[in-house]
1. List every residue pair whose Cβ atoms sit under 8 Å apart, with the two residues 6 or more apart in sequence or on different chains, where the first one lies in the stretch A:92-108 and is modelled with pLDDT of 75 or more and the second, anywhere, is of a type in the set (Phe, Trp, Tyr).
2. Within the stretch A:150-189, take every residue that is more than 22 Å from B:Tyr141 (Cβ to Cβ) and within 23 Å of the chain's Cα centre (by Cα) and give me the one that is surrounded by the most Cβ atoms within 10 Å (Cβ to Cβ).
3. Scan the stretch B:97-118 and tell me whether some residue there is more than 7 Å from every other protein chain (Cβ to nearest Cβ), touching a residue at least 40 places away in the same chain (Cβ under 8 Å) and under 23 Å from the mean Cα position of the chain (by Cα).
4. As an exercise: evaluate A:Leu134 against (1) closer than 30 Å to B:Lys146 by Cα; (2) at the interface with chain B (Cβ under 7 Å from one of its Cβ atoms); (3) surrounded by 20 or more Cβ atoms within 10 Å (Cβ to Cβ) and give the number of the one condition it does not meet.
5. For the stretch A:116-130: of the residues being at the interface with chain B (Cβ under 7 Å from one of its Cβ atoms), in contact (Cβ under 8 Å) with a residue 12 or more places away in the chain and of a type outside the set (Gly, Ala, Ser), which is nearest to B:Met174 (Cα to Cα)?
6. Give the stretch B:126-154 a look and list any residue that's within 7 Å of another protein chain (Cβ to nearest Cβ) and under 22 Å from A:Gly113 (Cβ atoms), or say none.
7. Please tell me if A:Phe44 is facing chain B (nearest Cβ under 9 Å), assigned to a helix (DSSP H, G or I) and either touching a residue at least 12 places away in the same chain (Cβ under 8 Å) or touching a Lys or Arg at 6+ places or on another chain (Cβ under 6 Å) (or both).
8. Answer yes if at least one residue in the stretch B:175-188 is at the interface with chain A (Cβ under 7 Å from one of its Cβ atoms), without any contact (Cβ under 8 Å) to a residue 40 or more places away in the chain, within 24 Å of B:Ser63 (Cα to Cα) and not in a helix (DSSP H, G or I), and no otherwise.
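The values are calculated or read from the model by the stated rules, or taken from the named source; none is laboratory data. Values in this document were obtained by computation on a predicted structure and should not be read as measured data. We place every Cβ from the backbone using ideal geometry, glycine too, and count neighbours over all the protein chains shown.
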Amino acid sequence: MIYLLLFWEFCKVGLFCVGGGYASMPLIQASVVDGYHWLSLKEFLDIFTISQMTPGPIGINAATFAGMKIAGVPGAVCATAGFVTPSLFLCIIVTRLILKYGDVAPIRRILNGLRPAVVALICSAGLGFVILSLWNSETVPQDFKETLDWRGIVLLTGAFIAVRMKVKVIKLLVFSGIAGLILGLAAERF
Amino acid sequence: MSDDQYQAVRNSTQHFYWKLFVSTFLISAFTVGGGFVIIPLLRAKYVDEYGWLDDKETLNLVSIAQSMPGVVACNSAIILGYRMAGIRGALTALLATILPPLVTICVIAVFYSAVAQNAYAQYILKGMQCGATAIIASVAYDLLKKQLKKRLALPLVIIAGTFVANYCFDINLMLLILIDAVIGLALMRDKRFS
C-alpha cells in the first residue's frame, strides 16, 4: 500500500525534524530520494525551489509535492497528514505537561544537542545541491573538469552574491530563472 | 488567563470555530515563508484583534512550538488552537494551516509534470535551482559561522561527526538525530550550550 507507506515515511520525517523548514529537507531527501528512489535529486531540488516561492511552510509544501508526484492527490494528502501527525500528538502532550508542571528542562538539553546536528544536516544537503548545480549529477563525476557546467558556476555565484546582499527570496528566484533562460538560450546558439 | 476565562471568551464569540478556521486559513494562504513570518500574523489575529489569548502566554506557547519536532507554523497553530479551545481548537487551526499549501502545491505539481520536460522550462528551472541552492548554502554558512563563533568544543564535534557520518558514510539520519539528542540530554546541561 503506497498510501500507508507514504503516511508512515512522512510520520518518521515529522517526528525527527527539529528546527524548522530547512531541517526537514535532509530528512525528506533521505527517505524519498536516497531511501525509496521515488524522486531524483533534481526533482527534489525542484520541490525545494518551488516551495520557496509558494505560500505555506516549506516542510508541508515538500511533503505535499512529493506525495503528489508519487501517488497523486491521495498521496499528497497522506504524506501531509503523516507529516503533521507526530506534531499534533507531541505538541498537545507537551503543552499539557508544561501548563501543569511549568518548564521542562530535559527538552532544552535535547535541543542543545540537536541544534548543531541540524547545522550539519543542512550543510550536507547544501553540498549535495551545490554538486547538482555544478555538475548536473548527484555525485562529483570522475571527469569533473570536462563535465563542469559553466552555466551552473555563473548562476550559482551570481545568486550567492545576491543572497549575501540580502535580495529577497522571490525576487532572487525570479531573476535566477530569467538568467537561467538567457544562459540556456545562449548555450543553444553558440 | 485561566481555563474558565478561556471558556468564557470562547462562548462569547459567535461562530468561534468558523472564525478560527477562516482567519488561520487566510493567514496560511497568503504568507510566503515559514514559521517566523506566520507567528507574528497569528499573534496579531488571536491576541490583538480577537482577544482570544493573552500576550505573555502566547510568547511562552510559541517558544514551545519552536522546540517541538515538525513545522513551526503547524506546531504554533496546534498549540495556540489547543490553548484556546482544546483538541477541537487544535484540529481546526491545524487543518486551516495545512489546507492552503496542500491545494496550491497539488495544482503546481500538475503544471510541473506538464512543463518539466520542455526545454525552456528546463532552462528557467536550472536558474531557479541555482538560486535555491545559493539560499540554502547561505543559510548553512550563517549557521556554521554562528556555531564557530561560540568557541565551544562539543557542538563542533557534533557538527563534524554528524556531517561525516551522514555525507561520507550514509548512516541513517534518524539514528544520528537520536544519538545527538542523547548527547545533548546527557552532556549539555550548562547554560553556555543554549
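1. That search, which allows pairs on different chains as well, returns A:Ile92/B:Tyr82; A:Thr95/B:Tyr82.
2. So the residue we want is A:Gly180.
3. Yes.
4. (2)
5. Start the filter on the stretch A:116-130 by keeping residues that are at the interface with chain B (Cβ under 7 Å from one of its Cβ atoms), which leaves A:116-117, A:119-127, A:129-130.
Of the ones still in play, those that are also in contact (Cβ under 8 Å) with a residue 12 or more places away in the chain are A:121-122, A:124-125, A:129-130.
Adding the requirement that they be of a type outside the set (Gly, Ala, Ser) leaves A:121-122, A:129-130.
Numbers: A:Leu121: 11, A:Ile122: 14, A:Phe129: 21, A:Val130: 23 Å.
Among residues in the stretch A:116-130 that are at the interface with chain B (Cβ under 7 Å from one of its Cβ atoms), in contact (Cβ under 8 Å) with a residue 12 or more places away in the chain and of a type outside the set (Gly, Ala, Ser), the one nearest to B:Met174 (Cα to Cα) is A:Leu121.
6. B:Val139, B:Ala140, B:Leu143, B:Leu144, B:Gln147
7. no
8. Within the stretch B:175-188, the subset at the interface with chain A (Cβ under 7 Å from one of its Cβ atoms) is B:176-177, B:180-181, B:183-185, B:188.
Subset that is without any contact (Cβ under 8 Å) to a residue 40 or more places away in the chain: B:176-177, B:180-181, B:183-185, B:188.
Filter once more, keeping what is within 24 Å of B:Ser63 (Cα to Cα): B:177, B:180-181, B:183-185, B:188.
Narrowing further to those that are not in a helix (DSSP H, G or I): B:188.
Looking through the stretch B:175-188, at least one residue is at the interface with chain A (Cβ under 7 Å from one of its Cβ atoms), without any contact (Cβ under 8 Å) to a residue 40 or more places away in the chain, within 24 Å of B:Ser63 (Cα to Cα) and not in a helix (DSSP H, G or I).
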